[in-house]
Amino acid sequence: MATNTYPQLALVTDAIAAALENNLVAAKICRWKPSTTKINPLNGFKYIERVPPRYNTRRWTGTVTTLAAGKQNTVFGAEIYALNSGITLDFAYEDFAHIRDEDQAARDDRLRMIGQNAGEDVDADVLGKMMAAGNNWTFGTVGNAVDDIEALIDGYVRLKEEGVPDQEMFAVLPFSDMGPLAKYLVETTTANRDSQEAVLARLGNSPRLKSLVGLNLLFSQQVPTLTTGTASRTLSKINGAAQNVNYVDVCQSTSTNGNFMTQTIAVDGLGNAATVKDGEVFTIDGVNAWDNRKGASKGRLQQFRVIGDYTATAGGEIAAMRIFPAIIVQDPSSPIGTTGNNNANATVDAAPADNADINWVGVAGTSYVQRAVLGRSVGHCEAADLEDLPSGENAKRQMKGVPMTLRAHRYSNGDTASTSVRFDAPYEFNLSPFGRFHSVRING
């Protein structure tokens with residue numbers, strides 16, 4: 001019989017990495033970007049990329065447009081990307097000492113569960129950031145299960161309004177929605193449409209991607225939950241007029257990923273020490289969403305997403321609450337200068353008035369399971385290979401479906417005569433510059 005010369009730590013690492021990758025279901029809807037020369041310890045695992053400028057088109061009839069007044073400004077935005085996070089698993093060496101060959105490693109329940117739990121954790125992290133990233137939240141009963149096609153179509157339409165291509169879209173729902181949605185589909189089938197069996201087969205009974213109404217459908221147990229803050233749902237208001245900003249002042253996100261086209265605003269009427277939570281969504285009376293591609297209102301109030309957690313003063317005020325998108329007012333009066341840049345990147349038709357009412361999505365202090373229709377363009381995961389540690393024993397396994405690497409390190413403590421093993425996998429989800437527009441939360 002041939003002797004197994006494959007290192008024992010490598011056997012364990014391979015088995016855990018394989019189980020981890022097999023459980024990376026939701027994370028596979030996200031783009032992954034392997035380490036490049038841009039990411040290294042010399043720049044703190046961060047790099048900045050430019051955001052292309054947008055321009056106005058000038059129309060003319062008879063006589064060509066005069067450019068005597070000036071030409072359009074070219075303004076590049078910027079978004080920072082980072083790789084400063086990951087997962088670590090740690091165990092006593094005795095947990096793996098019995099593993100001697102590949103068959104044992106593949107059949108070991110402990111190794112399988114370590115990988116499974118790690119995969120579920122990565123899924124929850126990536127899904128949570130993708131699903132709660134956006135400002136758009138389609139109307140319906142907040143928190144209700146998606147039990148009809150209309151809810152999915154609402155999300156699809158909103159993404160199309162934001163310019164997301166069909167092949168890049170995914171609907172992500174909790175497993176608890178599978179029953180209500182299947183019931184709806186079965187009850188609406190007729191002899192001229194799919195049979196009930198065919199409909200149920202399309203839904204499937206696993207978290208694999210299925211196609212439904214043109215969307216790739218994913219059921220997952222790792223969908224996030226948003227617990228709203230305690231801010232007043234009837235008295236919250238804008239505190240001060242003229243809180244709109246210029247695009248040139250909000251297009252550089254060079255220190256924190258996800259701050260592209262965000263700004264801070266002052267609000268009041270929230271209540272004594274009331275809280276506002278990251279991911280909450282609201283509208284402002286009199287402020288409609290603007291389509292800067294066709295130069296027209298979208299016919300609905302613009303929705304804004306809160307960035308960060310906040311606690312109001314005793315007087316119910318927050319002086320600087322960060323929101324997305326920034327309030328950039330359309331103005332077709334001139335295609336040049338700051339006005340032209342604002343018009344090309346406008347998000348609203350008008351600035352909010354002082355004391356304009358704020359309308360929050362959801363009841364205060366309530367937890368809501370999130371459901372979303374996403375574009376893959378929401379963001380991507382950075383991943384990199386970790387260097388071997390100088391002492392002890394190292395092993396690595398790069399996964400096949402995603403460019404994530406699991407590094408194992410076995411080391412001993414002479415003072416305690418103990419041997420330990422740690423596993424590290426670096427990755428970090430980063431939002432794309434316009435990624436927040438490409439995540440739409442939906443309701444049943």
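The values are calculated or read from the model by the stated rules, or taken from the named source; none is laboratory data. Because the structure is predicted, anything quoted here is derived from the model rather than measured. Please note: Cβ atoms are built from the backbone with ideal geometry, for glycine as well, and neighbour counts cover all protein chains shown.
Determine, yes or no, whether Gly134 is surrounded by fewer than 16 Cβ atoms within 10 Å (Cβ to Cβ), touching a residue at least 24 places away in the same chain (Cβ under 8 Å) and closer than 30 Å to Lys294 by Cα.
Considered against the rule, which asks whether it is surrounded by fewer than 16 Cβ atoms within 10 Å (Cβ to Cβ), touching a residue at least 24 places away in the same chain (Cβ under 8 Å) and closer than 30 Å to Lys294 by Cα, Gly134 comes out as no.
Considering segment 377-391 alone, what residues qualify as being among the charged types (D, E, K, R) and either surrounded by fewer than 21 Cβ atoms within 10 Å (Cβ to Cβ) or not assigned by TED's automatic domain parsing to the domain that holds Arg441 (or both)?
Asp385, Glu387, Asp388
For segment 328-359, how many residues are in contact with a Ser or Thr (Cβ under 7 Å, 6 or more places away or on another chain) and either modelled with pLDDT of 95 or more or β-branched (Val, Ile, Thr) (or both)?
The total comes to 5.
Which of the following residues is of a type in the set (S, T, N, Q), over 13 Å from Asn244 (Cα atoms), in the same structural domain as Gln167 (by TED's automatic domain parsing) and in contact with a strand residue (DSSP E or B) (Cβ under 6 Å, 6 or more places away or on another chain): Asn394, Asn359, Asn355?
Within the list Asn394, Asn359, Asn355, the selection yields Asn394.
Please return the ranges of strands (runs of 3 or more DSSP E) entirely within segment 144-239 where 1 or more residues are surrounded by 20 or more Cβ atoms within 10 Å (Cβ to Cβ), in contact with a Lys or Arg (Cβ under 8 Å, 6 or more places away or on another chain) and at pLDDT 90 or above.
Answer list for segment 144-239: 169-174, 225-227.
Quick check on my filter: what residues within segment 65-103 are without any contact (Cβ under 8 Å) to a residue 12 or more places away in the chain and either under 30 Å from Gly295 (Cα atoms) or buried (at least 16 other Cβ atoms within 10 Å of the Cβ) (or both)?
Within segment 65-103, Thr65, Thr66, Leu67, Ala68 meet the criteria.
When only residues in segment 49-64 that are out of contact with any strand residue (DSSP E or B) (no Cβ under 7 Å at 6 or more places or on another chain) and surrounded by 11 or more Cβ atoms within 10 Å (Cβ to Cβ) count, which is nearest to Gln330 (Cα to Cα)?
Selected residue: Asn56.
Select from segment 279-294 the residues that are in a loop (DSSP other than H, G, I, E, B) and in contact (Cβ under 8 Å) with a residue 40 or more places away in the chain and write down the one among them that is surrounded by the fewest Cβ atoms within 10 Å (Cβ to Cβ).
If we take residues in segment 279-294 being in a loop (DSSP other than H, G, I, E, B) and in contact (Cβ under 8 Å) with a residue 40 or more places away in the chain, then Arg293 is surrounded by the fewest Cβ atoms within 10 Å (Cβ to Cβ).
If I ask for residues that are among the hydrophobic types (A, V, I, L, M, F, W, C) and at pLDDT below 60, which ones from segment 34-57 would you list?
Passing the criteria: Ile39, Leu42.
What residue, among those in segment 244-266 that are in contact with an Asp or Glu (Cβ under 9 Å, 6 or more places away or on another chain) and outside any strand (DSSP E or B), is surrounded by the most Cβ atoms within 10 Å (Cβ to Cβ)?
The selected residue is Phe260.
Spot the failing condition for Val421; the list is (1) crowded, with 22+ Cβ neighbours inside 10 Å; (2) farther than 30 Å from Lys294 by Cα; (3) within 31 Å of the chain's Cα centre (by Cα); (4) not polar (S, T, N, Q), and only one is missed.
If we test Val421 against (1) crowded, with 22+ Cβ neighbours inside 10 Å; (2) farther than 30 Å from Lys294 by Cα; (3) within 31 Å of the chain's Cα centre (by Cα); (4) not polar (S, T, N, Q), just (3) comes out false.
Hey, could you check segment 104-114 for residues that are surrounded by fewer than 18 Cβ atoms within 10 Å (Cβ to Cβ) and hydrophobic (A, V, I, L, M, F, W, C) and say which is farthest from the chain's Cα centre (by Cα)?
Ala106
For the condition under 30 Å from Asn443 (Cβ atoms) and of a type in the set (Gly, Ala, Ser), what is the one hit in Gly128, Gly115, Gly62, Gly77?
Going through Gly128, Gly115, Gly62, Gly77 in turn, the sole match is Gly128.
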